[in-house]
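Worksheet: the structure to be examined is printed underneath.
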Amino acid sequence: MDTSSRVLLNPIPSSNVEPSTFQPTFSGTRRTNATEIEELRHFLSTCNPPMTRYLSRFLAVGCRSIDFLRSISKLPDELLKEFVNDLPNNDDREMTYTEKIVIRAWFREYFLLWIEINMSLQQFNLYAKMSRWRKYL
């Protein structure tokens, strides 16, 4: 598959989130630890309300990049619930029931938006290629 035409867009952030300087990356692209943590920070900052205060909890369990988040998002509901409930409390702030629900829901929605956006871009790229060749027919 030609990766030169692949574009990854961030899901539309919540209205109360400041625009980020986050630059998306692709799986398989060389990334640094800082870039991977910024991907995680972006995921948490686009929750509504933002959940960036729990970044250290994700890092504590080894969830350090968008690749881990994507894998976790595919877990069955019960395992996803267990994962969020078992995040370590390393900051002396108890995660509320509602915050846990927000994070679990965002796991599903974030990657669903990512898939929808990429599918739309693939369809657009295909249409653009077909349009270029149409003039030769």
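Quick look at the numbers
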{"item": "The listed residue being modelled with pLDDT under 90, open to solvent by less than 80 Å² (accessible area, probe 1.4 Å) and farther than 16 Å from residue 99 by Cβ, out of 14, 4, 20", "result": "20"}
{"item": "Candidate set from the range 76-101 (those that are more than 19 Å from residue 55 (Cβ to Cβ) and within 18 Å of the chain's Cα centre (by Cα)); member that is modelled with the highest pLDDT", "result": "81"}
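The values are calculated or read from the model by the stated rules, or taken from the named source; none is laboratory data. Only a predicted model underlies this, so the values are computations on that prediction, with no experimental measurement involved. FYI the Cβ positions are ideal-geometry reconstructions off the backbone, even for glycines, and counts take in every protein chain you see. Accessible surface is based on the protein model in full, side chains and every heavy atom, while ligands, DNA and RNA are left aside. Shrake-Rupley method; radii C 1.70, N 1.55, O 1.52, S 1.80 Å.
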